[in-house]
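The block underneath contains the structure these notes are about, expressed in structure tokens.
The values are calculated or read from the model by the stated rules, or taken from the named source; none is laboratory data. Bear in mind the structure is a predicted one, so any value in this text is a computation, not a measurement. We place every Cβ from the backbone using ideal geometry, glycine too, and count neighbours over all the protein chains shown.
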Amino acid sequence: MERVALSDLMAEYGMALDEDRLEEWVELFEEECDYRVVTRENTEQGLPNVLMWCDNKNMLRDRVESYRQVNEYNPHYDRHVIGPLRLLAEKDSVATFEAAYSLFQTDLEGNSRLFSVGRYRVEARVAGGVAKLKSVLVVADTGAIPSLLATPI
Amino acid sequence: MERVALSDLMAEYGMALDEDRLEEWVELFEEECDYRVVTRENTEQGLPNVLMWCDNKNMLRDRVESYRQVNEYNPHYDRHVIGPLRLLAEKDSVATFEAAYSLFQTDLEGNSRLFSVGRYRVEARVAGGVAKLKSVLVVADTGAIPSLLATPI
Amino acid sequence: MERVALSDLMAEYGMALDEDRLEEWVELFEEECDYRVVTRENTEQGLPNVLMWCDNKNMLRDRVESYRQVNEYNPHYDRHVIGPLRLLAEKDSVATFEAAYSLFQTDLEGNSRLFSVGRYRVEARVAGGVAKLKSVLVVADTGAIPSLLATPI
């Protein structure tokens, strides 16, 4: 059962972003949460650079709200294709797992291109068959994040 | 059990297309079925354009048969990589779900490229551990579908 | 349970390669095992060309060891995104299945590109909830494998 809940969570994570349901994406997180985007290169060199960082749910809400006010400047469609989950630990109803992602962007002319690949490292709390995000660390292999990384990965 | 049946169905859906087993792909559908390809842009603008539409299984059979007669003109390999399922509803043994897809094409020189990304919206009937397709709506983010969309997505 | 073990196995397969844990990747195989990379074009024409072939675990160990000695010449990050499993057979605790893969590479400047797409055909032995690889046949749609195929696919 738990695996299904975790897989559902990641399916909804990607779909919510791809369908521009950003407010619903925020609701996948617990109030006390952490969302962070780093590049793999920085991580492996022990560098502290963080491309996006929200360390509680209100920061995620603010982020989405400000995105809503400027989202006309780089209109595009996102599409996440997420790989199978790799479970790392389970403790006190919190599961830690990783999953590879590929993220494609399509412009208004309908041209699609590879935008970013990397992996998620996720802590999720499962209760009553439903999983909520405690933390998401996005480690992007792709270093060049254009457009000020307007939308979450 | 049902989730496994749905996941198996989509794995076979992609593999049947990729291995040019189009007749077996047709057999994944029920007699009364609907297969449709639209672009996301048209859908979001409420436009009625449909790139491919078969509203029963005989139309799918005809489509594959005519493809067999002309398939020499754009020889290529397809490869679908499909993401996790997002279950939307279950009612009377019919499950409605979505899944993101990435579709790559490889030409005869062995060069691969991104061909299309988007999502499937699927209704499937599960009976005895086996799932059959009632309807598949392909919503393609990628707008430019070259080559007259000879093969299904 | 078995499906989860097989899915975990493939998640770890991709992640071990992507995180450069090649020695751990080798440990996913049984002592008597077979790992082979072929192109789809050769396979469909009945040609015997094999791009990489290790027919026991010691050969895999050697392969990884020699890679460790030369890996400075083409530094890059790999990222596998693997699709859902298609179960073909189960017999005497050995499962045979296929899965589509997309493999992306990122260079040291952080530029990502599609490197290879294709499918795995896998035989895995499941015992005590854990699956081990008996054989992996990589059938690559992408024909041009640059860089002498230094890392496994």
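Of note:
- Residues located in segment B:1-48, provided they are hydroxyl-bearing (S, T, Y) and touching a Phe, Trp or Tyr at 6+ places or on another chain (Cβ under 9 Å): B:Y13, B:Y35
- Any chance C:R68 is touching a strand residue (DSSP E or B) at 6+ places or on another chain (Cβ under 6 Å), touching a residue at least 40 places away in the same chain (Cβ under 8 Å) and among the basic types (K, R): no
- Every listed requirement among (1) crowded, with 16+ Cβ neighbours inside 10 Å; (2) facing chain C (nearest Cβ under 9 Å); (3) of a type in the set (A, V, I, L, M) is met by B:L87 save one, (2).
- The lone exception for C:Q69 - which of (1) crowded, with 17+ Cβ neighbours inside 10 Å; (2) more than 28 Å from B:L103 (Cβ to Cβ); (3) over 18 Å from the mean Cα position of the chain (by Cα) it fails: (1)
- Within segment A:90-101, considering residues that are assigned to a strand (DSSP E or B) and modelled with pLDDT under 95, the one farthest from the other protein chains (Cβ to nearest Cβ): A:K91
- Check on A:L88, over 14 Å from the mean Cα position of the chain (by Cα), under 23 Å from A:A5 (Cβ atoms) and free of Cβ contacts under 8 Å to residues at least 60 places away in the same chain: yes
- Every listed requirement among (1) at pLDDT below 95; (2) assigned to a helix (DSSP H, G or I) is met by A:L60 save one, (1).
- Boolean, A:P48 is farther than 22 Å from A:L114 by Cβ, surrounded by fewer than 21 Cβ atoms within 10 Å (Cβ to Cβ) and without any contact (Cβ under 8 Å) to a residue 40 or more places away in the chain: yes
- The set of residues from segment C:33-57 being within 14 Å of another protein chain (Cβ to nearest Cβ) and either over 30 Å from B:H76 (Cα atoms) or in a strand (DSSP E or B) (or both) comprises C:V37, C:V38, C:T39.
- Within segment A:23-48, the set of residues being of a type outside the set (D, E) and more than 11 Å from the chain's Cα centre (by Cα) comprises A:C33, A:V38, A:T39, A:R40, A:N42, A:T43, A:Q45, A:G46, A:L47, A:P48.
- One residue stands out among those in segment C:102-112 that are facing another protein chain (nearest Cβ under 7 Å) and part of a strand (DSSP E or B): the one that is surrounded by the most Cβ atoms within 10 Å (Cβ to Cβ), which is C:S102.
- Note on segment A:117-131: residues that are buried (at least 23 other Cβ atoms within 10 Å of the Cβ) and within 12 Å of another protein chain (Cβ to nearest Cβ) total 3.
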